[in-house]
1. Could you please let me know if residue 31 is in a helix (DSSP H, G or I), touching a strand residue (DSSP E or B) at 6+ places or on another chain (Cβ under 9 Å) and at pLDDT below 70?
2. Could you tell me whether segment 44-53 includes any residue that is modelled with pLDDT under 90, closer than 21 Å to residue 120 by Cα and surrounded by 18 or more Cβ atoms within 10 Å (Cβ to Cβ)?
3. Taking residue 106, is it touching a strand residue (DSSP E or B) at 6+ places or on another chain (Cβ under 8 Å), closer than 24 Å to residue 131 by Cα and modelled with pLDDT of 90 or more?
4. Which residue out of 86, 82 is out of contact with any strand residue (DSSP E or B) (no Cβ under 9 Å at 6 or more places or on another chain) and over 17 Å from residue 153 (Cβ atoms)?
5. Can you tell me which of (1) assigned to a loop (DSSP other than H, G, I, E, B); (2) modelled with pLDDT of 75 or more is the one residue 170 doesn't meet?
(Lines give C-alpha, C1' and ligand atoms only; values in the text may rest on other atoms or scores of the structure.)
Protein backbone atom coordinates (compact mmCIF):
# COMPACT_ATOMS: atom_id res chain seq x y z
CA UNK A 1 0.00 0.00 0.00
CA UNK A 2 2.78 2.40 0.95
CA UNK A 3 4.62 1.55 -2.26
CA UNK A 4 1.55 2.44 -4.34
CA UNK A 5 1.17 5.77 -2.52
CA UNK A 6 4.84 6.58 -3.13
CA UNK A 7 4.52 5.68 -6.80
CA UNK A 8 1.41 7.82 -7.11
CA UNK A 9 3.17 10.79 -5.53
CA UNK A 10 6.18 10.32 -7.81
CA UNK A 11 3.95 10.10 -10.89
CA UNK A 12 2.06 13.25 -9.87
CA UNK A 13 5.34 15.07 -9.30
CA UNK A 14 6.72 13.98 -12.69
CA UNK A 15 3.47 15.01 -14.39
CA UNK A 16 3.61 18.45 -12.77
CA UNK A 17 7.27 18.80 -13.71
CA UNK A 18 6.57 17.82 -17.30
CA UNK A 19 3.60 20.20 -17.49
CA UNK A 20 5.70 23.06 -16.09
CA UNK A 21 8.52 22.43 -18.56
CA UNK A 22 6.05 22.35 -21.46
CA UNK A 23 4.39 25.57 -20.24
CA UNK A 24 7.72 27.40 -19.92
CA UNK A 25 8.84 26.16 -23.33
CA UNK A 26 5.56 27.20 -24.96
CA UNK A 27 5.38 30.63 -23.34
CA UNK A 28 9.04 31.34 -24.04
CA UNK A 29 8.55 30.57 -27.74
CA UNK A 30 5.33 32.59 -28.01
CA UNK A 31 6.76 35.51 -26.04
CA UNK A 32 9.79 35.57 -28.31
CA UNK A 33 7.61 35.47 -31.44
CA UNK A 34 5.48 38.37 -30.19
CA UNK A 35 8.53 40.40 -29.19
CA UNK A 36 10.04 39.79 -32.64
CA UNK A 37 7.06 41.55 -34.24
CA UNK A 38 7.18 44.92 -32.48
CA UNK A 39 9.51 47.80 -31.65
CA UNK A 40 8.29 49.60 -28.55
CA UNK A 41 8.72 53.11 -27.19
CA UNK A 42 9.44 53.94 -23.56
CA UNK A 43 9.64 57.48 -22.17
CA UNK A 44 10.67 58.11 -18.55
CA UNK A 45 9.99 61.46 -16.86
CA UNK A 46 12.53 63.18 -14.62
CA UNK A 47 10.21 62.84 -11.62
CA UNK A 48 6.56 62.43 -10.68
CA UNK A 49 6.00 66.16 -10.21
CA UNK A 50 3.19 67.60 -12.32
CA UNK A 51 5.65 69.78 -14.21
CA UNK A 52 7.95 66.89 -15.10
CA UNK A 53 5.02 64.68 -16.10
CA UNK A 54 3.67 67.42 -18.38
CA UNK A 55 7.14 67.82 -19.90
CA UNK A 56 7.28 64.07 -20.55
CA UNK A 57 4.12 64.28 -22.66
CA UNK A 58 5.37 67.29 -24.62
CA UNK A 59 8.63 65.47 -25.41
CA UNK A 60 6.61 62.38 -26.30
CA UNK A 61 4.43 64.30 -28.76
CA UNK A 62 7.45 65.83 -30.51
CA UNK A 63 9.18 62.48 -30.81
CA UNK A 64 6.05 60.72 -32.06
CA UNK A 65 5.59 63.40 -34.70
CA UNK A 66 9.14 62.80 -35.94
CA UNK A 67 8.93 59.02 -35.62
CA UNK A 68 5.79 59.00 -37.76
CA UNK A 69 7.79 60.51 -40.63
CA UNK A 70 10.48 57.88 -40.12
CA UNK A 71 8.12 54.91 -40.06
CA UNK A 72 5.48 55.96 -42.59
CA UNK A 73 6.82 53.54 -45.20
CA UNK A 74 8.23 50.97 -42.77
CA UNK A 75 6.93 47.43 -43.25
CA UNK A 76 8.96 45.44 -40.70
CA UNK A 77 10.44 45.69 -37.24
CA UNK A 78 13.98 45.40 -38.63
CA UNK A 79 13.35 48.41 -40.87
CA UNK A 80 11.95 50.36 -37.91
CA UNK A 81 15.06 49.58 -35.83
CA UNK A 82 17.27 50.58 -38.75
CA UNK A 83 15.46 53.90 -39.12
CA UNK A 84 15.58 54.61 -35.39
CA UNK A 85 19.29 53.70 -35.23
CA UNK A 86 20.17 55.94 -38.16
CA UNK A 87 18.28 58.87 -36.64
CA UNK A 88 19.15 58.30 -32.98
CA UNK A 89 21.01 61.61 -32.69
CA UNK A 90 18.09 63.42 -34.34
CA UNK A 91 15.71 61.93 -31.77
CA UNK A 92 17.99 63.07 -28.97
CA UNK A 93 18.34 66.55 -30.47
CA UNK A 94 14.57 66.93 -30.81
CA UNK A 95 14.01 65.78 -27.23
CA UNK A 96 16.74 68.06 -25.87
CA UNK A 97 15.52 71.10 -27.80
CA UNK A 98 11.94 70.48 -26.65
CA UNK A 99 13.14 70.38 -23.04
CA UNK A 100 15.03 73.66 -23.49
CA UNK A 101 12.05 75.30 -25.22
CA UNK A 102 9.93 74.42 -22.18
CA UNK A 103 12.38 76.20 -19.89
CA UNK A 104 14.20 73.17 -18.44
CA UNK A 105 17.85 72.16 -18.52
CA UNK A 106 17.48 68.40 -18.06
CA UNK A 107 19.81 66.16 -19.99
CA UNK A 108 18.20 63.47 -22.11
CA UNK A 109 19.36 60.02 -23.19
CA UNK A 110 17.90 58.10 -26.13
CA UNK A 111 18.92 54.48 -26.66
CA UNK A 112 17.80 51.33 -28.42
CA UNK A 113 17.92 48.12 -26.44
CA UNK A 114 16.03 45.18 -24.98
CA UNK A 115 14.02 46.20 -21.93
CA UNK A 116 11.47 44.74 -19.53
CA UNK A 117 7.85 45.80 -20.06
CA UNK A 118 4.75 45.13 -17.97
CA UNK A 119 1.52 43.94 -19.58
CA UNK A 120 0.15 46.89 -21.54
CA UNK A 121 -3.05 47.41 -23.54
CA UNK A 122 -3.38 49.73 -26.53
CA UNK A 123 -6.99 50.00 -27.60
CA UNK A 124 -8.00 46.41 -28.34
CA UNK A 125 -4.42 45.15 -28.59
CA UNK A 126 -2.67 43.83 -25.45
CA UNK A 127 0.97 42.76 -25.10
CA UNK A 128 2.00 40.40 -22.29
CA UNK A 129 4.76 41.31 -19.85
CA UNK A 130 8.25 40.44 -21.03
CA UNK A 131 11.36 41.86 -22.63
CA UNK A 132 11.01 43.79 -25.86
CA UNK A 133 13.29 45.74 -28.18
CA UNK A 134 12.51 49.41 -27.66
CA UNK A 135 13.55 53.01 -28.11
CA UNK A 136 14.00 54.30 -24.56
CA UNK A 137 14.00 58.01 -23.74
CA UNK A 138 15.25 59.01 -20.29
CA UNK A 139 14.61 62.61 -19.24
CA UNK A 140 16.83 64.01 -16.48
CA UNK A 141 17.08 61.54 -13.60
CA UNK A 142 14.38 59.37 -15.22
CA UNK A 143 12.79 58.60 -11.84
CA UNK A 144 9.23 59.52 -12.77
CA UNK A 145 6.33 57.51 -14.16
CA UNK A 146 6.79 55.84 -17.52
CA UNK A 147 4.90 56.23 -20.75
CA UNK A 148 4.75 53.14 -22.95
CA UNK A 149 3.72 52.60 -26.54
CA UNK A 150 4.58 50.76 -29.76
CA UNK A 151 6.72 52.45 -32.38
CA UNK A 152 6.23 49.68 -34.92
CA UNK A 153 3.58 48.90 -35.93
CA UNK A 154 2.55 52.50 -35.12
CA UNK A 155 -0.09 51.80 -32.48
CA UNK A 156 0.23 55.25 -30.91
CA UNK A 157 0.55 57.64 -33.85
CA UNK A 158 -3.08 58.51 -34.55
CA UNK A 159 -4.41 59.73 -31.22
CA UNK A 160 -2.55 58.62 -28.11
CA UNK A 161 -5.45 59.62 -25.85
CA UNK A 162 -8.33 58.00 -27.76
CA UNK A 163 -7.44 54.37 -27.11
CA UNK A 164 -8.21 53.55 -30.76
CA UNK A 165 -5.65 51.50 -32.67
CA UNK A 166 -5.47 52.29 -36.42
CA UNK A 167 -6.75 49.45 -38.61
CA UNK A 168 -3.68 49.79 -40.84
CA UNK A 169 -1.42 49.18 -37.84
CA UNK A 170 -3.44 46.11 -36.88
CA UNK A 171 -3.04 44.78 -40.41
CA UNK A 172 0.75 45.23 -40.29
CA UNK A 173 0.86 43.54 -36.90
CA UNK A 174 -1.31 40.66 -38.10
CA UNK A 175 0.87 40.14 -41.18
CA UNK A 176 4.02 39.97 -39.06
CA UNK A 177 2.58 37.42 -36.61
CA UNK A 178 1.28 33.88 -36.77
CA UNK A 179 -2.47 33.44 -36.49
CA UNK A 180 -2.16 32.20 -32.90
CA UNK A 181 0.15 35.04 -31.82
CA UNK A 182 -2.20 37.68 -33.22
CA UNK A 183 -5.17 36.01 -31.55
CA UNK A 184 -3.30 36.19 -28.23
CA UNK A 185 -2.52 39.93 -28.42
CA UNK A 186 -5.82 41.02 -29.95
CA UNK A 187 -8.70 41.42 -27.53
CA UNK A 188 -10.34 38.15 -28.47
CA UNK A 189 -10.63 37.18 -24.82
CA UNK A 190 -14.15 35.81 -25.32
CA UNK A 191 -12.34 32.67 -26.48
CA UNK A 192 -11.60 30.94 -23.16
CA UNK A 193 -8.56 29.07 -24.48
CA UNK A 194 -7.02 32.27 -25.91
CA UNK A 195 -7.73 34.07 -22.65
CA UNK A 196 -6.15 31.22 -20.64
CA UNK A 197 -3.02 31.22 -22.82
CA UNK A 198 -2.65 34.98 -22.45
CA UNK A 199 -2.89 34.67 -18.66
CA UNK A 200 -0.12 32.06 -18.78
CA UNK A 201 2.05 34.47 -20.79
CA UNK A 202 1.28 37.22 -18.27
CA UNK A 203 2.17 35.01 -15.31
CA UNK A 204 5.50 33.83 -16.66
CA UNK A 205 6.38 37.29 -18.01
CA UNK A 206 5.61 39.10 -14.76
CA UNK A 207 7.55 36.59 -12.69
CA UNK A 208 10.64 36.62 -14.86
CA UNK A 209 10.44 33.02 -16.07
CA UNK A 210 10.60 34.20 -19.66
CA UNK A 211 12.43 37.24 -21.00
CA UNK A 212 12.28 37.09 -24.80
CA UNK A 213 15.83 38.44 -24.82
CA UNK A 214 18.09 37.94 -27.78
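1. So residue 31 fits the description; yes.
2. no
3. When the stated conditions are applied, residue 106 does not pass them.
4. 86
5. (1)
The values are calculated or read from the model by the stated rules, or taken from the named source; none is laboratory data. Predicted model only: the values in this text are computed from it and were never measured. Counting neighbours? That spans all protein chains shown, and the Cβs are built from the backbone with ideal geometry, glycine included.
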